[in-house]
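Reviewing the structure listed below.
Coordinate-derived values only; no laboratory data. Computed from a prediction, not measured in an experiment: that's the story for all the values here. Cβ sites come from the backbone with ideal geometry, for glycine too, and all protein chains shown count toward neighbours.
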Amino acid sequence: MTKMRYICFVAGLVVALLLPALSFAQLDAASIARAQREGQNVGVGATIPGMEGTEGVDGEEGAEGEQADSTETKRKRPKRALESYYFNDTVRALYNWKWHVDRDYNRVKIEPLDTTLADWRIDYVFYRKGVGDMALGGLGQSSQPINWFDRRQDKDFTFARSYDAYTARLENVPFYNAKRPITNATYLESGQKRYREEHFELVHSQNITPSTSANLSYKARSTMGQYEWQRTKNHALSVGVAHTGKRYSIHAAFMHNTISARENGGAVGKWAVADTTFEMPSGVPMRLASSKAENMYRNVGFFVKQAYAIPLQRVTEYDFSLADLSAVYIGHQIEYNRWTKAYSDTRATYTNERGDHDGEGNYIPTTHSYYEDWFIDPTATRDSIAESVLSNRVFVQVQPWDRNGVISTIDGGVGVDLHTYSYLRLKDYVAGRMTRDKRTSWYVYGSTGGMIKRYADWGADVKYYPSGYRGGDLSVGANITLRAFINERPLILSGRFRQELRSPGYWQENLFSNHYVWFNSFDKESETRFEVNLSVPSIALEVGAWQGVMSNMIYYGADCRPQQHSEAVSLTSLYARKDFRIAGFHLDHRALVQITSNESVLPVPTFSAFLSYYYEFWVKRDVLRVQVGVDGRFHTSYHAPGYNPALSVFYNQREVKVGNYPYLDVFVAAKWKRMRILLKYQHVNQDLFGNGEYFQTALYPMNPRMFKMGISWSFYD
C-alpha cells in the first residue's frame with residue numbers, strides 16, 4: 001500500500017510539472033505583450049446576472065465605462081486585456097472580479113467583490129446565507145446551517161465540519177482578476193477587553209500579467225468569551241496563484257487553518273439563563289468550566305489544477321478566445337489535505353442547583369459528571385486523531401462546437417484518493433505510536449451540459465466508485481434552468497435532482513478515545529433530493545422548495561454515539577425571500593419552513609426567519625451612504641441539537657426544547673467612498689421582551705447585549 005501511495009504521489013507531481021512545460025512552450029509571447037498594451041482600452045462597469053453592485057476602481061458601485069461589444073466582426077479584432085475561455089465578454093468588461101474553482105470539472109464560479117453595503121451589517125459569517133446557522137454563541141465557535149439541505153454531506157473529517165464557516169478550503173479559496181492591485185482590510189471588535197470579540201481580515205490580489213494573478217487572504221476571528229471558559233481563536237490563510245491563458249490554465253493554492261477552542265459544555269440548565277439574573281454573564285454556571293476542556297485543530301492543504309486546450313479548428317489572430325471554437329481540454333489535479341484534532345480535559349463535576357425538586361416544589365441540587373465513561377485515564381484526557389487525503393485525478397473536456405452551445409461540453413475523468421486515518425488505541429499508549437489505517441478509493445466521473453441562447457441551460461453528472469474503500473458509492477445529478485424576459489427583466493425557474501449512495505464516514509465506524517469507543521459496521525446511506533427555485537431579481541423575490549428522502553441515515557443519538565436508522569426519513573423544506581423597497585425604506589424578509597417525518601432522527605425547527613428593516617439614504621451624493629435599522633432572527637421551539645466537545649459534533653438530544661425567542665440587533669452601517677463603517681448594538685432586546693431562552697443550540701446561550709464597531713477599507717492601487 002505504501003508503494004502504491006508513493007507511485008500515485010510521484011505520478012501526480014510529474015504530470016503537474018510536465019503539463020505547464022508543454023503549454024508554455026506554445027504560448028505566443030507577442031500576443032501576451034499585445035494584450036498587455038491593449039488592456040487599458042477595455043470598458044468597465046458592465047454587470048452580469050448576480051453581480052450587480054460590483055465596484056469599479058474608484059470604489060463606487062456601477063463605475064462607468066464602455067461595455068465590450070461581443071458582436072464586432074473578426075476583421076477588427078476586439079481589444080481585450082485577458083484571453084481565456086473561462087470568461088465571456090461581459091465578465092471581461094468588469095474592472096475587477098473574483099472566482100472559485102470547480103472541484104471536479106474544468107469550470108469556475110464567478111462572483112462579485114464583496115465591497116458594498118448589502119450584507120456588511122451581518123458580521124457573523126454563518127448568518128449570511130438564507131436564515132443562517134444555529135451557533136454555540138460567540139464569534140469563531142461551532143455552527144451548523146438551520147436549513148438541513150445546506151449542510152455538507154461528504155464524509156471528510158466530520159469532526160471539523162462545525163467550523164466550515166471559518167475555514168479555507170478548495171471550494172472557497174478566492175482568485176481575482178483586476179486592472180489594478182486590490183487590498184482590503186477589515187477590523188471589527190465588540191465588548192470589554194476581558195470579553196472582547198475581534199474579527200480581522202486582510203486580502204491582497206495583484207495581476208502579474210493580464211492573465212496571471214496572485215493573491216493572499218488571511219482571516220482571524222476570536223472571542224475571549226462572555227461566558228466562563230469560552231475563549232476561541234480561528235485563523236485561516238490561503239495563498240493562491242492563477243494563470244488563465246488562451247490555451248493553458250493553472251490554479252494553485254496553499255491553505256492553513258488553526259482553531260483553538262475552550263469548551264465549557266453549555267449551561268447547567270435553561271434556568272441559569274432564562275430564570276436567573278447574574279451581574280455578569282461569566283457568572284452563569286457551565287458544565288465543563290471546571291474541567292478545563294479544550295480542542296485544538298490544525299489543517300494544512302494545497303491543490304494544483306491545470307488544463308491545456310487543443311483546438312480542433314484553425315485558430316487565427318482574430319480568434320480572441322477558444323470558447324467559440326471546437327476544442328479538447330486535458331487536465332490534471334493534485335490535492336492534499338490533512339487535519340489533526342487534539343482534545344484535553346480533567347475529571348471534574350458540576351452542580352445543577354435545580355436538578356431535581358421535592359414534593360413541595362423545592363429545588364434539590366444534583367451533582368453530575370459531563371462524561372459517563374473514562375476508558376483510558378480516569379483523571380485526565382489527551383485524545384488525538386488525524387486524517388489526511390491525497391487526491392490525484394486526470395480529466396478530459398470536449399467542446400464539440402462552442403462553450404455556449406446546446407451541448408457546450410462533455411467532461412470525464414478518473415481519480416484516486418489515498419486516505420490515512422490516525423488515532424490512539426489502548427495498545428498504542430504502551431507502544432508510543434498511533435494506529436494508522438490506510439484506505440484507497442478509485443472513481444470515475446463525467447458530466448455534460450449546454451444552453452439554448454439565454455433562455456435555458458441544462459446539465460447532468462455522475463460519479464461512481466467501482467472499487468476500493470468506497471466501492472459502490474454513486475452520485476447522479478441533473479439540473480435545468482429556464483429564463484423568460486419581461487421588458488428585459490428575467491424570470492428564472494430552476495430545478496435540480498440528486499441521487500446519492502455513500503459509505504459511512506470512517507470516524508462513524510471507528511473510534512477509540514477516553515470518553516467514547518465504538519467499532520461499527522453501517523450500511524451505505526441513500527439520499528434522493530429534489531429542488532425547485534423561482535427567482536425574479538427585478539422585484540427581489542425568491543421562492544424555493546426541497547424534498548429529500550433519506551434511507552439508512554447515520555446520526556449522533558442522545559448518547560452522542562453514531563446510530564443508523566434503517567427506515568426512510570423524509571424532509572420537506574420551503575424557502576421564501578422577498579425584499580420590499582419604499583423610497584429609502586428597505587423591508588427584507590427571509591423565511592424557511594421545514595417538515596420532518598422523524599424528529600428524533602432529523603430534528604429541525606418548523607419555522608425560521610430573518611427580517612431586516614432599515615432606512616438607506618445619501619448623506620452626500622456619491623460620497624457617503626448610510627443604513628439605519630434593525631435585524632431580527634427567530635425560530636420556533638424544538639429539540640434543538642446539543643453539542644459534544646470531545647467529538648466536536650452536533651447530536652440529537654431529547655431533554656430540552658429551545659426557541660420562540662426573537663434575537664434583535666440595531667445597527668448603523670455606512671459607506672464613505674472606499675471605506676465601510678459599522679456600529680451595532682447586538683441583542684438589544686435582552687431582558688426587555690422574549691422568553692429569556694436565547695439559545696440556538698441546546699443549553700448554549702447566545703451572546704448577551706453588547707456594542708460592536710468596525711471598518712473595512714478597500715484600496716485599488
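At q = 0.11, 0.12, 0.18 Å⁻¹, what is the base-10 log of I(q)/I(0) for the stretch 140-276 according to the Debye formula with one equal point scatterer per Cα and no solvent? Please give it to two decimals.
-0.56, -0.65, -1.12
Measure out, as a whole number of angstrom, how far apart the alpha-carbon centroids of the stretch 241-293 and the stretch 437-496 sit.
33 Å
Expressed as a rounded percentage, what relative contact order does the chain have, with Cα pairs under 8 Å and six or more residues apart?
The value is 11 percent.
Looking only at the stretch 462-500, which residues have a backbone nitrogen under 14 Å from a spot 7 Å from the Cα of ASP156 in the C-beta direction?
none
Can you give the calculated 222 nm mean residue ellipticity of the chain, where each DSSP H run of n ≥ 4 adds -39,500 (n - 2.57) and the sum is split over every residue, rounded to the nearest 500 deg cm²/dmol? Mind dumping the intermediate values first?
On the way: 6 runs with 51 residues, N = 717.
Taken over the chain, the calculation gives -2000 deg cm²/dmol.
One quarter of the convex hull surface, Cα atoms only: what value does that give for the chain in nm²? Intermediate values should be presented prior to the final figure.
Numbers: hull surface 130.6 nm².
Mean orientational projected area (the chain, Cα hull): 32.7 nm².
Show me the ranking of peptides 328-339, 652-663, 159-170 by mean Cβ neighbours inside 10 Å, starting with the highest.
Highest mean packing first, the order is 159-170, 328-339, 652-663.
Compute the distribution of all C-alpha to C-alpha distances in the stretch 270-379, in bins of 5 Å from 0, and list the percent of pairs in each, rounded to whole numbers.
2, 8, 10, 10, 9, 8, 7, 6, 5, 5, 4, 5, 6, 6, 5, 3, 1, 1, 0
Place a +1 charge on the Cβ of each Lys and Arg in the stretch 261-353 and a -1 charge on the Cβ of each Asp and Glu, then give the dipole magnitude about the Cα centre in debye, rounded to the nearest 20.
In debye, rounded to 20, the stretch 261-353 gives about 440.
Where in the stretch 461-501 does the label zone of GLN547 land, with the point 7 angstrom along Cα→C-beta and an amide N cut-off under 18 Å?
Of the residues in the stretch 461-501, 477-480, 494-500 have backbone N under 18 Å from the label point off GLN547.
Could you work out how much longer the chain between HIS589 and ALA342 gets when fully extended? Use 0.36 nm per residue separation minus the Cα distance between them, nm to one decimal.
Length gained between HIS589 and ALA342: 84.8 nm.
Relative to the longest principal axis of the C-alpha atoms of the chain, give the angle of the C-alpha long axis of helix 29-38, reported between 0 and 90° and rounded to the nearest 10°.
So the helix axis and the longest Cα principal axis differ by about 80 degrees.
Could you check the simple spin-label distance between ALA576 and THR606, using points 7 Å along Cα→Cβ, in nm with one decimal?
1.7 nm
If the viscosity is 0.890 mPa s and the temperature 25 °C, what translational diffusion coefficient in µm²/s does Stokes-Einstein give for the stretch 619-717 when Rh comes from Kirkwood over Cα pairs? Don't skip to the end; give the middle numbers.
On the way: Rh = 16.1 Å.
It comes out at roughly 152 µm²/s.
Expressed in whole Å with the largest first, what are the equivalent ellipsoid semi-axes of the stretch 151-228 derived from the C-alpha gyration tensor as the square root of 5 times each eigenvalue? Show your work: numbers first, answer last.
Numbers: eigenvalues 179, 94, 8 Å².
With the √(5λ) rule applied to the stretch 151-228, the semi-axes are 30, 22, 7 Å.
How far apart, in nm, are two points set 7 Å out from the Cα along the Cα-to-Cβ line at THR90 and at ALA456?
A separation of 1.9 nm, rounded to one decimal place.
For TYR363, project a label point 7 Å along Cα to C-beta. Then give me every residue of the stretch 251-272 with its amide nitrogen under 11 Å of that point.
268-272
Compute the acute angle (0 to 90°) between the alpha-carbon long axis of helix 2-24 and the principal axis of greatest extent of the alpha-carbon atoms of the chain; round to the nearest 10°.
30 degrees
Which order do peptides 471-479, 132-140, 443-451, 697-705 fall in by mean Cβ count within 10 Å, highest first? Each step should come with its number before you reach the end.
Working: 471-479: 15.8, 132-140: 25.1, 443-451: 18.7, 697-705: 23.0.
Order by mean packing, descending: 132-140, 697-705, 443-451, 471-479.
Starting from the eigenvalues of the Cα gyration tensor, five times each then square-rooted, give me the equivalent ellipsoid semi-axes of the stretch 605-662, largest first, whole Å.
In descending order, the three semi-axes are 39, 15, 7 Å.
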